[in-house]
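This report concerns only the one structure given below.
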Amino acid sequence: MKYENDVIKALQTLQLVTEEGKESRDMLILETILRMQKEPPVHFSFSEIFSALKVHHPSAKLKKPAVHKSLQWLLENQLVRLESSIKYRKKYLADANTLMAGLENLKMRLSKELQTKKRQTEKALKLVESCNCSELSQRIMTAITGRRASPNSRFMRGMEEFERVTDSTIYDRATEGDVIRNSLLWIGPFTEGATERFGRVVEAAKKGAEVRYASHPDLLLQSDKLKKDVSSDWIQHTLADFIAVRAEGKLIDLRIIDVDKKGYQFAALNNEVMAFFISEDPITAAWVTREFNPDLIDNAIADFDKRWEQGISIFEITEEKLRSMRINPKGHLQAVVLKGLKKRKSGEGE
């Protein structure tokens, strides 16, 4: 087979060539008939095709029943045309016209099949995404043991697991009246995927939860590290989203607060659930419920709320306030935020 790479890929898509790049049995027979073709096009009997097949593809070693089956498939898919439907007079023709018609037919059929699979996959994906593993584990335990036992702690390794667990137990669960607290002490693992992470914060606020997102002033000193993963356009877009949500009366704020660096970098839902980092490298975290350790959660939240009241909202920062905290106003994050706030105020003035 001497097809160009893009032709091979197309034939693989249409299932005429295997993933290993070899012609299927149907393709071998179609190829044989096309090689036999003359001008003007003529029809060939089964015996003529079978004899030519042994000449052109001797290593295939195909039996007559298999060739009959492939010819039937080629006919059904319009890659080959039949001269007569009488069994002993059947003659087959394949040329540029039947080839184009057959490929179009395969394309249409496979497209329909893939669309059906896509709908089934999307349906299955929705079911998977809607699965509440915490609730599911409780119900399984109840069914097996007859007792309702809730998970109350677990260790997590890596940002992917941390985000998956906090999504299902904090952000997805949050509803109107709930309070989500986030304490950010170091940028480390938060640069990659920052856009998606802030998106879930906004969605929680839209559902009516109060979101308190706090960061230490030192993080703004490191904000230039964000340039690679967080663009200026995204910062402005996210700031606009936050402002729009606040304008709807939703409770969401980002504050620069003097977080206790000996404390935890955490996310918490009310005083019920808390996920906190243990180490940055390797990324290790823990997830606990109130039943596991109420004092741990209460102390972390009490300290957070005390410092929160003394913090400066990012929506109220000015160059003067940043300089008073010994932060360069021209840093990547703060410069974009200041520009966005200034633009907003000038727009309101108009």
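Observations on the structure shown:
- Considering helices alone, the calculated mean residue ellipticity of the chain at 222 nm is -16000 deg cm²/dmol, with DSSP H runs of length four and up weighted by -39500 (n - 2.57) and normalised per residue.
- Sequence of VAL7, VAL80, VAL128 once ranked by neighbouring C-beta atoms within 10 Å, starting from the fewest: VAL128, VAL7, VAL80
- Residues VAL42, VAL288 in ascending order of nearby Cβ atoms (within 10 Å, fewest first): VAL42, VAL288.
- The modelled label-to-label distance between ASP218 and GLU48, using points 7 Å beyond Cα along the C-beta direction, is 8.6 nm.
- FRET efficiency for the THR284 to LYS22 pair, using the beta carbon distance and R₀ = 35 Å, is estimated at 0.15.
- Straight-line cross-link reach from LYS321 at under 15 Å between alpha-carbon atoms covers these aspartates and glutamates, not counting any fewer than eight positions away in the same chain: ASP218, ASP258.
- Per-pair calculated FRET efficiency, R0 = 30 Å: HIS237 and GLU161 via Cβ, rounded to 0.05: 0.60
- Approximating the spin labels as points 7 Å out from Cα along Cα→Cβ, the ARG147-to-GLU309 distance works out to 4.2 nm.
- Each of PHE162, PHE277, ALA124 was placed along the dipole of the chain (beta-carbon charges, centred on the mean Cα), and the one lying farthest toward the positive end is ALA124.
- Dimensions (Å) - the range 29-166, Cα atoms, principal axes, largest first: 78, 32, 28
- Most fluctuating residue given options ILE140, ILE180, ILE283, as computed from a GNM of the chain linking Cα atoms under 10 Å: ILE140
- Loop-resident sites, the range 3-80, for trypsin sites (Lys or Arg not before Pro), counting at most 13 other Cβ within 10 Å (DSSP): LYS22, LYS38, LYS61, LYS63
- Alpha-carbon gyration tensor eigenvalues x 5, square-rooted, for the chain, Å: 65, 27, 18
- Note on the chain: GNM, Cα springs under 10 Å; of ASP233, ASP178, ASP95, the largest mean-square fluctuation is that of ASP95.
- Fraction of antiparallel bridges per DSSP, the chain only, in percent to nearest 5: 70
- THR284 long-range amide H proximity, modeled H, under 5 Å: GLY158, ILE278, SER279
- Taking amide hydrogens as placed 1.01 Å from N in the peptide plane, the amide H of LYS91 sits under 5 Å from those of GLU83, SER84, each at least 5 positions away in sequence or on another chain.
- FRET efficiency for the ARG326 to GLU135 pair, using the beta carbon distance and R₀ = 56 Å, is estimated at 0.75.
- GNM result for the chain, Cα springs below 10 Å: residue of ALA240, ALA143, ALA286 fluctuating most strongly: ALA143
- Alpha-carbon radius of gyration plus Dmax, which is the widest Cα pair, for the range 51-113 in Å: 13.3, 37
All of the numbers you see were taken from the coordinates with simple rules; none came from a lab. Remember, predicted model here, so these are calculated numbers, not experimental data. Ideal geometry is used to build each Cβ from the backbone, glycine not excepted, and the neighbour counts take in all protein chains shown.
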